[in-house]
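Peer 1: Mind looking over this structure? Questions follow.
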Ligand SMILES: Nc1ncnc2c1ncn2[C@@H]1O[C@H](COP(=O)(O)OP(=O)(O)OP(=O)(O)O)[C@@H](O)[C@H]1O
Ligand SMILES: [Mg+2]
C-alpha cells in the first residue's frame, strides 16, 4: 500500500503514568477512508493510545504524523479544528445543556453577533434523523438514558467536519438495531473519505465494519492485520493470549416454586406502565427491548430511585414497601446502574471507598475502618480480576472495563439475594465477559436470583432462563425455553407480536 | 476469577504528588507571611502579638471548620455571620433575664452557653431541612436566613445595642481573655473544634458520605446514602460551630447589635478557599482551613504594624490573596 495513503500515523509510542508504563513502543497507522479497529483486553491501552492520537494526553515517547506533518495538537479543541474528532468511552457531554447545544458546543453557528439557534436546531434534527433516533434536540442531556447519550455523542462527532473520527466503544450500550444504523453512517462517512478508528469488544462488529485490525495486549502491539485474515475467534485468542471455551454454560432452569420477587402492575410515570412479572429463586431473568423501552426506569422505580405510581412489590411472598434504595437493600436487593460514571462510581475517589460506599450504609458503626476496606479491596481485586495501577489509585485511573468490574464488586459487597444488573458487561473484554457470565451463572446456581437488563442479544439468549421483552414502557411478552431466539425477541420488541 | 499480578508497592502517581503540593500550599503561604511580618516589624513575632492574632482568628476559624464540611458536601452557608449576631443577642437577653433568679454566677452563664449551642444547631437544622426537603438551593435559603437572623437581632436591640449585665460580664470575661498553660482559651477551643472537624471528616462514615455527596450526588444516591440527612447534618454542625464561636465572642465585648458578626460568612468561606477546599465540593482539609483563617487575620495584623500600606486596604489585600490562592491551586492542577 502506498504510504501517501496514510493519514494519521503513530510510531514508537510509549506512555508512562508516573513510574508505570502502559504503552510500549506502539505503532499505528490509519489510511484514508478505512475503518481501523483497535482491540484488546481491558486495560490493554486502547483508550490511552487514542487519547494520545487526539491530543487529550501527551505521549511520553514517540512520533505522530498527520497529513504528512508532525502532529502535536495542543488539546482536543485544536485537534478538532484540524479534523480529528473523538467519541469518548466515558461520555463527555455537558449534562445541563440541551442536546443541540451539546452537538454544537464550541463551534456554535452565528448570525452576526448572535447565535443562530434556528439553524442549529435544524441541523441537529437532520443529524439525529440520520441516526434514526427520536431524541428531542431541546431535551436536557441529564434527562437522557445512557444509550441516548451515546447517540448524542455520535451525532456530535459526525456533525463536525472531521477527517478522522475515533470511536471508543461507541456500541457498548447500543442494541443491534442502533448498531446497524451506526454502521450505515460509518459506511457513508468512509465513502466520503473519512477515516475511522473503531474500538470495540464486540468482535463480530469489528469483523463486519473494519478493514484492518490492530491488537493490543498489555500495552504492546501484538499484530496489525487485514480483518478478513482473522476470524472473530482468532481475534479473541490473540488478544487474550489463550483460547476461549464456550462463552455460555448450559442452562439449568430452576423449578418455579415460589417467586422471590413479584412485581404487580407497577407504573413509573413517563417510562413504564402496568408492569408485572415474577422472579424465581435461582433464576436468571433477562430484560430485552429497544432503547427507550423503559427497562432501566422500571427497575429504578422498583428500587425507589424514581417515583412510582400504583402497583405493588412482594419479596418472597411478603408485600414490601420500597421507597428508597436503602429499603431495597434491606430487602436484600441491589441494582447495578448502566451509567457507570453518572450513577455508579465516584471517579475522583479512591477504589476502596467506592467499593464500600454502598455496603457501609448497612453497617452500624460510626467510624471508618480503613484497614478492612483495603482488605476488602484486595479481595475484590482478586475475585473480579480488577487491574489497577495501585491499591490507592483513583477510579479515573482505571480502564473502562476495570471500572465496570469495580462497580459490579461494589453492589455485590452487600451480599444480596436479588441482583439486578443493568448492562453488566458494558465495556468488558471477551475473556472477562466469559468470567462474568460464569459468575452470574454461579450466583443463580447458589440460589440467588439475577435480572439481566442487556442490549446484547447474545447475552440475553445465552444466559437467561426466561426473557421479558419490553416495548414502549410495557411488557410485550415473556419468552422461555426454546422460544428465546433473536427473531422472537425482535418480534416482541418491535411490536409485531404481543400487546403494546 | 483469575488472579492478577499487581504492582504491590507502586507509589501513587501524579495525583498524589499534586495532592501533596496543594496540601502544603497554604502552609507555605503562612510561613512566607510570618517571615514577611517578622521582617517588617520585630514586634510581630512577640508572644503578645501572636496570641492576640490567634485569639481573634478563633471566631472565624471555628466557623470556618463548619463551613469546610458544608462546602465539601456541596453546600454553602451564607447565614453564619447573622446567625452569630442573633445567637449573641439571644444569649444576652436570656442571661440578663436570668440574673434575678440565678444571679451573676456560672449557672447563668452555663445556661446561656447551652442556649447558644442549641440555637446554633436549631438554626442549622432549619437551613438544612429547608434546602434539602424544600429542594431549594442552599445559597438562596441561607441568603434568606441571613437576612432573617440579622433583622431579628436588630429588632431585639430595637436598633441599638444589647448589653450583658455587668456582673455576669465580669464572671464570663475569662472565657475569652483567660488562658490555660499560657494558651488563650479561644485558641484552645479552636484547636478542639478543628480536631473534631478533622476527626469527623477523615475517620467517620459521616465524613466519607460528605465527600461522596460533594463529588457526585447522584452516585451517592445510587449507593443508598441518605443524602438529605447527611447534608442537613452538615448544616447542624455548622450551626454548632457558630454557637461555639458566639459563646467565645459574647464575653469579648459583652454586647451585641445589628452589626455583630458582619461579613463573617465571607471571611469563613474565604478561609475555606484559601485552605484549598474546592467550592464545588468533594474534597478538602480541615487543618488547611484553619491555616487559611490564620492567614486572613494575619494580613490585617501585618498591615496594622506597617505604614507601607494603609490598613484601610486590608480588604483589598485579602481579596488579592483569595484570588491568588485559587489561581495557584488551579495552576498546580493543570501542570500535573
Ligand atoms: N490517569 C491514569 N493514571 C494511571 N494509570 C492510568 C491512567 N489512565 C489509565 N491508566 C492505566 O493504563 C492502562 C491502560 O488503560 P486504558 O484505559 O488505555 O485501557 P483500555 O484498553 O481502554 O481498556 P478498556 O477496554 O477497559 O477500556 C490501565 O492499566 C489503566 O489502569
Ligand atoms: Mg478504554
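None of the figures in this text is laboratory data; all of them are computed from the coordinates on show. Since the structure is predicted, the reported quantities are computational estimates derived from the model, not experimental observations. Cβ atoms come from the backbone with ideal geometry, glycine included; neighbour counts cover every protein chain shown.
Peer 1: Tell me, what is the FRET efficiency for residue A:183 and residue A:67 to the nearest 0.05, using R0 = 45 angstrom and their Cβ-Cβ distance as r?
Peer 2: So the FRET efficiency works out to roughly 0.95.
Peer 1: Below 8 Å, C-alpha to C-alpha, sequence gap of six or more: please give me the relative contact order for the range B:97-206 in percent.
Peer 2: Normalised by residue count, the contact order of the range B:97-206 is 25 percent.
Peer 1: If you don't mind, there's one more thing I want to ask. Out of every Cα-Cα pair in the range A:142-273, what percent are more than 18 Å apart?
Peer 2: When all Cα pairs of the range A:142-273 are counted, 67 percent exceed 18 Å.
Peer 1: Order these peptides, A:445-457, A:93-105, B:266-278, by their mean beta-carbon neighbour count within 10 angstrom, highest first.
Peer 2: B:266-278, A:445-457, A:93-105
Peer 1: Show me the three semi-axes of the equivalent ellipsoid for chain A, from the C-alpha gyration tensor (sqrt of 5 times each eigenvalue), largest first, rounded to whole Å.
Peer 2: Semi-axes, largest first: 37, 27, 23 Å.
Peer 1: Turning to a different aspect of this structure: Only Cα pairs under 8 Å and at least 6 apart count here; give the relative contact order of the range A:261-493 as a rounded whole percent.
Peer 2: 30
Peer 1: Also, quick follow-up: May I ask for the angle, rounded to the nearest 10°, between helix B:286-305 and the longest principal axis of chain B, with both axes built from Cα atoms and the value confined to 0 to 90°?
Peer 2: 60
Peer 1: Average partner chain C-beta neighbours within 10 Å, per residue of B:210-223?
Peer 2: Mean shielding by partner chains, rounded to a whole number: 6.
Peer 1: Another question, then. Arrange A:239, A:86, B:328 by Cβ neighbour counts within 10 Å, fewest through most, would you?
Peer 2: So the ranking, lowest neighbour count to highest, is B:328, A:239, A:86.
Peer 1: Still on this structure, I have one more. At 7 Å along the Cα-to-beta-carbon direction for both residue A:243 and residue A:117, put a label point, then send me their distance in nm to one decimal.
Peer 2: 6.3
Peer 1: Just to be sure I understand: of the beta bridges DSSP finds with both ends in the protein assembly as shown, what percent are antiparallel, rounded to 5?
Peer 2: 60
Peer 1: Please work out the C-alpha center-to-center distance from the range A:220-249 to the range A:163-219 and express it in whole Å.
Peer 2: Here the answer is 17 Å between Cα centres.
Peer 1: If one takes the longest principal axis of the Cα atoms in chain B, at what angle in degrees, from 0 to 90 and to the nearest 10, does the Cα axis of helix B:47-72 lie?
Peer 2: Helix B:47-72 and the main axis of chain B meet at about 60 degrees.
Peer 1: What's the center-to-center distance, using Cα atoms, between the range A:103-123 and the range A:396-468 in Å?
Peer 2: Here the two parts' Cα centres lie 42 Å apart.
Peer 1: If neighbour count is taken as other Cβ atoms inside 10 Å, put B:118, B:303, A:261 in order from fewest to most.
Peer 2: Ascending Cβ contact count within 10 Å gives the list B:118, B:303, A:261.
Peer 1: For a quick size check, give me the Cα extents of the range B:235-290 along its three principal axes, largest first, whole Å.
Peer 2: 38, 19, 18
Peer 1: Then there's this: Say we join alpha carbon atoms closer than 10 Å with springs in a Gaussian network model of chain B; which of B:185, B:60, B:28 then has the biggest fluctuation?
Peer 2: Sorting by GNM fluctuation, first place goes to B:28.
Peer 1: Something else about it: Mark the label point 7 Å from the Cα of residue A:11 along Cα→Cβ and return the residues of the range A:68-102 whose backbone N is within less than 19 Å of it.
Peer 2: Correct set: A:68-73.
Peer 1: Another question, if that's okay. So, by mean Cβ neighbours within 10 angstrom, what's the order for B:236-244, A:360-368, A:374-382 with the highest one leading?
Peer 2: Highest-to-lowest ranking by the protection proxy: B:236-244, A:374-382, A:360-368.
Peer 1: For peptide A:383-389, compute the average count of partner chain beta-carbon atoms within 10 Å of each residue's beta-carbon.
Peer 2: Mean shielding count: 3.
Peer 1: Taking the radius of gyration and the Kirkwood hydrodynamic radius from Cα positions alone, what is the Rg/Rh ratio for the range A:283-379, to two decimal places?
Peer 2: Expressed as Rg/Rh, it is 1.02.
Peer 1: How much of the calculated P(r) for the range A:261-493 lies past 33 Å, in percent of all Cα pairs?
Peer 2: When every Cα pair of the range A:261-493 is considered, 15 percent fall beyond 33 Å.
Peer 1: Roughly what angle does helix A:176-191 make with the longest principal axis of chain A, taking Cα atoms, 0 to 90 degrees, to the nearest 10?
Peer 2: Value to nearest ten degrees: 0.
Peer 1: Over the protein assembly as shown, what number does the Rg to Rh ratio reach, with both radii from the alpha-carbon atoms and Rh per Kirkwood?
Peer 2: 1.03
Peer 1: Please figure out what share of the DSSP beta bridges in the range A:374-497 is antiparallel and state it in percent, rounded to the nearest 5.
Peer 2: DSSP beta bridges in the range A:374-497 are roughly 55 percent antiparallel.
Peer 1: For the range A:94-160, list log₁₀ I(q)/I(0) at each q in 0.16, 0.17, 0.20 Å⁻¹, using the Debye formula over Cα point scatterers of equal strength and ignoring solvent, two decimals each.
Peer 2: Treating every Cα as an identical point scatterer, log10 I(q)/I(0) equals -0.46, -0.52, -0.71.
Peer 1: Here's something else I'd like to know. Using Cα centres only, tell me the gap between the range A:253-322 and the range B:129-173 in whole Å.
Peer 2: After rounding, the separation between the Cα centres reads 50 Å.
Peer 1: Which whole number gives the average count of other chain Cβ atoms within 10 Å of the Cβ atoms across peptide A:303-313?
Peer 2: The per-residue average across the peptide is 1.
Peer 1: Say we join alpha carbon atoms closer than 10 Å with springs in a Gaussian network model of chain B; which of B:300, B:258, B:89 then has the biggest fluctuation?
Peer 2: Greatest mean-square fluctuation among the candidates belongs to B:300.
Peer 1: Taking the number of other C-beta atoms within 10 Å as the exposure measure, put A:67, A:161 in order starting with the fewest.
Peer 2: A:161, A:67
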